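First the structure, in the form of structure tokens, and then the observations on it.
Any read-out appearing in this document is the output of simple, stated calculations on the displayed coordinates, not a laboratory observation. Only a predicted model underlies this, so the values are computations on that prediction, with no experimental measurement involved. Every residue, glycine as well, gets a Cβ built from its backbone with ideal geometry; the counts of neighbours run over all protein chains shown.
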Amino acid sequence: MDFTKVSENLTKHGFAVSTFATKEAAAEYLNGAIDGKTVGFGGSCTLEEMGLYDSLSAHNTVYWHWKGTPVGTEAGFAQVYLLSANGLSETGEIINIDGRGNRVAASMFGHEKVYFVIGKNKLAPTYDEALFRARNIAAPKNAQRLSKKTPCAIKGDRCYNCSSPDRICRGLVVLWETMMDIQMEVVLVDEDLGY
């Protein structure tokens, strides 16, 4: 995939950008770039598929609620934070939807550096299409993965903007630019990763 347009737009918005052909190459890059730090992980099938928890844990202190760390505690205050995105537009907007808020809050505040690791399947031409993808592709798949009793999880086809107590779509964050005083890097991978 040609990441030229999205890379140019992300760079204009203040993001550092790295591109990789494979998840293994991206994982090797991150494993070399992050050393001797406290590292927080947002809930991410992408990071899990890349095996980053194990490799980074060998020489960093890594906090991830999927691996036993309580939600919203140490991970939110780590020096480095890693997550993916539910949608990325070629125009350079990064979109994330969250139910608890720990992942989206941590993506915007409190770290020396934040890495967004994003597979090619998350990329859409426009902001509206990236938002559509986040709501109608990523959210239903995540609701299914979490065994939620929501219309999107049951039918698996789209967002129903439901009022279910199990709803995982409770907050939306769009990054148009990097946040002040935080280094932010987008790691683009030319493979389908996560939802």
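First select every other residue whose beta carbon is under 13 angstrom from the beta carbon of V104; then total the charges, Lys and Arg +1, Asp and Glu -1.
It works out to a net charge of +2.
Just tell me which aspartates and glutamates come within less than 12 Å, Cα to Cα, of K122; anything on the same chain fewer than 8 places away is out.
Reachable aspartates and glutamates: E90, E93, D190, E191, D192.
What is the order of S18, S57, S84, S163, fewest Cβ neighbours within 10 Å to most?
On the way: S18 18, S57 14, S84 29, S163 7.
Exposure proxy ranking, most exposed first: S163, S57, S18, S84.
Find the lysine pairs in the range 1-76 meeting two conditions, Cα atoms under 23 Å apart and a separation of 8 or more places or different chains, and report how many there are. Don't skip to the answer; put the middle values down first.
Numbers: K5/K23; K23/K37; K23/K67; K37/K67.
Number of lysine pairs found: 4.
Scan the range 67-168 for trypsin sites (Lys or Arg not before Pro) in coil per DSSP, keeping those whose Cβ has at most 15 other Cβ atoms within 10 Å, and list them by number.
R100, K149, R158
Which is the longest part of the chain that has none of the GluC sites (Glu not before Pro) sitting in a DSSP loop with at most 14 other Cβ atoms within 10 Å?
That would be 1-111.
Between E112 and D128, what is the label-point separation in nm under the 7 Å Cα-to-beta-carbon projection?
Reported label-point gap for D128 and E112 is 4.3 nm.
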